[in-house]
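Let me begin by presenting the structure, written as structure tokens, before commenting on it.
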Amino acid sequence: MTWREVFRQSLLARRLIVWTVLFSSAVTLVLSGLQLYRDYRRDVDQIEHNFVEIESVHLATLADSLWATDRESLQLQLEGMLQLSDMQYFEVREGEQVWARAGQAASENIIQREITLRYRHDGRYQVLGTLVAVYTVEGMVRYLVPNWFGEKYSLSIVDAGGQVLASNTTV
């Protein structure tokens, strides 16, 4: 007797095969979802790490350069900071006056943080201006979602308000 004949005649064999396929598919789907979530959390932690690094390493020298009104030094520092992963744009401004900027500013699919630049003078901190740091979410989506998936399916990261932050799809 061949396996096809056994499958047609045996209700137990059919049920066993169907349940095995369903169970293995469910396990695969859950494990893939967990791995995707873990990778997403790692990328979000990397974004936070970049912002913490900017604040702890670069902020003081940026404030020094702004205090000295050294545009060249500000520009050079901002261009170096663009080397942080997926950082897209930096700007140092004092009120409405922009002292230096580096990178390309985009209006969508970004995480933007404004950090106050303070300088210690005569024992008191003085607010000098603001550093605008922009991170692009598109790099994270490109990393997390393979191209073949984006060709067949639509995947988007949305915020709590329902606004699309990033999308990897050609559908």
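The values are calculated or read from the model by the stated rules, or taken from the named source; none is laboratory data. All figures in this text were calculated on a predicted structure; none of them were measured in a lab. Here Cβ is always computed from backbone atoms with ideal geometry, including for glycine, and neighbour counts include all displayed protein chains. Accessible surface is based on the protein model in full, side chains and every heavy atom, while ligands, DNA and RNA are left aside. Shrake-Rupley method; radii C 1.70, N 1.55, O 1.52, S 1.80 Å.
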Notebook entry, point to check: From N147, N168, which residue is within 16 Å of the chain's Cα centre (by Cα) and either of a type in the set (A, V, I, L, M, F, W, C) or at pLDDT below 75 (or both)?
Noted result: N168
Note to self: Here's a check for you: in segment 70-101, which residue that is among the polar types (S, T, N, Q) and farther than 17 Å from L117 by Cβ is nearest to the chain's Cα centre (by Cα)?
What the structure shows: S85
Item checked: Scan of segment 88-114 for residues that are touching a helix residue (DSSP H, G or I) at 6+ places or on another chain (Cβ under 6 Å) and either without any contact (Cβ under 8 Å) to a residue 40 or more places away in the chain or open to solvent by less than 40 Å² (accessible area, probe 1.4 Å) (or both), ordered by number -> F90, V92, W99, A100, A102, N109
Next item on the list: Spot the failing condition for S65; the list is (1) open to solvent by 80 Å² or more (accessible area, probe 1.4 Å); (2) farther than 21 Å from M140 by Cβ; (3) in contact (Cβ under 8 Å) with a residue 12 or more places away in the chain, and only one is missed.
Entry: (1)
Note to self: Can you tell me which of (1) modelled with pLDDT of 85 or more; (2) surrounded by 10 or more Cβ atoms within 10 Å (Cβ to Cβ) is the one S56 doesn't meet?
What the structure shows: (2)
Checklist line | Filter pass, Y125 being modelled with pLDDT of 85 or more and either among the hydroxyl-bearing types (S, T, Y) or not in a strand (DSSP E or B) (or both) | finding: yes
Next item on the list: Report, by residue number, each residue of segment 68-89 that is at pLDDT below 90 and acidic (D, E).
Entry: D70, D86
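Go through segment 104-115 and count every residue that is outside any loop (DSSP other than H, G, I, E, B) and modelled with pLDDT under 90.
Taking segment 104-115 and keeping what is outside any loop (DSSP other than H, G, I, E, B), we get 110-115.
This time we only want the ones that are modelled with pLDDT under 90, so: 110-113.
So the count comes out to 4.
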Checklist line | Which numbered condition L84 fails, given (1) of a type outside the set (K, R); (2) open to solvent by 50 Å² or more (accessible area, probe 1.4 Å); (3) in a loop (DSSP other than H, G, I, E, B) | finding: (2)
